[in-house]
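Working notes, beginning with the structure itself.
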Amino acid sequence: MNITIHRASSRGHANHGWLDTYHTFSFANYFNPERMQFGALRVLNDDKVLPEEGFGTHPHKNMEIVTVVLDGELEHRDSMGSRGVIKAGEIQKMSAGSGITHSEMNPSLSKPVHFLQIWIEPNIDDVKPEYMQAAPSPQELKSRLVRIASPKSTDSPITLHQNAEIYQTLLEQDKTVSFDITPAHKVWIHVATGAVSLDGHPLIAGDGVAVADETAEIRLRGIDPLSNVLIFKLRT
């Protein structure tokens, strides 16, 4: 099988005190010409932000920005007037489109927030900016692959302006999930928390796997009691 494992330790890393961040792909001061992006998946940052800290108001344009909170809470505000607190287990999407400003802050007085920030390049520019937030059921995710984002609103709670899908599972120990891949798609697997195995290859939190040019069944097995895994299915 044509897979490439990118270990967590190979990611870019920066600790700004208030922010401890790991970059799967080139971002900010981390530049790796071999890690620019994977298809339309441009950014996959693993961020921990201290209490009462965060990203002040800043602009974005023409990017699908997806945030998955793993632990704690993250408060979002934007120039459309959208405001919400994204709690652990919840997912948020902001289509920056023709232009938007927003902030992301940890509202807690005592607890850090741990989240993934994902940027997906859109297939259409200058759309009207939009904000969406969803809370997938932990029971529904348990040892099942659930599509949490896709181009069609009827297929998932989050809609993307790109021919891309995001799946999530909370994989229990010794349980398995599987999915098929064809050469029409490339897949990126990201272990957010826990540990799993992919066809006998052990993967830990922060590890990523690229799968492309294959017709195969991908099978994941849980190693830790519960592992949070995201799968990005992208058109080649």
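The values are calculated or read from the model by the stated rules, or taken from the named source; none is laboratory data. Only a predicted model underlies this, so the values are computations on that prediction, with no experimental measurement involved. For neighbour counting, all protein chains shown are included, and Cβ atoms are generated from backbone atoms with ideal geometry for every residue, glycine included. Just so you know, the surface numbers come from the protein's heavy atoms only, side chains and all, with ligands and any DNA or RNA stripped out. Shrake-Rupley method; radii C 1.70, N 1.55, O 1.52, S 1.80 Å.
Data for the structure
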quantity	calculated
Value of relative contact order over segment 1-99, rounded to a whole percent, pairs C-alpha under 8 Å and six or more apart	20 percent
Å³ per residue enclosed by the Cα convex hull of segment 37-122	80 Å³
With DNA, RNA and ligands ignored, accessible area of residue 161 (1.4 Å probe; Å², nearest 10)	50 Å²
Exposure rank, largest accessible area first [11, 147; 1.4 Å]	147, 11
Cα centroid separation - segment 29-67 against segment 119-172, whole Å	17 Å
Probe 1.4 Å - accessible area at residue 30, Å² to nearest ten	40 Å²
Ranking by accessible area, most exposed first, for 53, 165 with a 1.4 Å probe	53, 165
12 Å beta-carbon shell around residue 146, net charge (K/R +1, D/E -1)	0
Gaussian network model of the chain, springs between alpha carbon atoms under 10 Å - residue of 13, 58, 185 with greatest fluctuation	58
Under the Debye formula (equal points on every Cα, no solvent term), log10 I(q)/I(0) of segment 114-231 at q = 0.10, 0.11, 0.15 Å⁻¹	-0.32, -0.38, -0.71
Heavy-atom accessible area ranking, 1.4 Å probe, most first, across 52, 34, 73	34, 52, 73
Probe 1.4 Å - accessible area at residue 193, Å² to nearest ten	50 Å²
Among [x] 0.96; [y] 1.42; [z] 1.05, the entry derived from the coordinates for Cα Rg over 2.2 N^0.38 Å	[x]
Cross-link reach list, lysines versus residue 87, counting only Cα pairs under 19 Å and skipping chain neighbours closer than eight places	48, 111, 142
Cα gyration tensor category, rounded, prolate or oblate, for segment 1-72 with a/c compared to 1.5	prolate
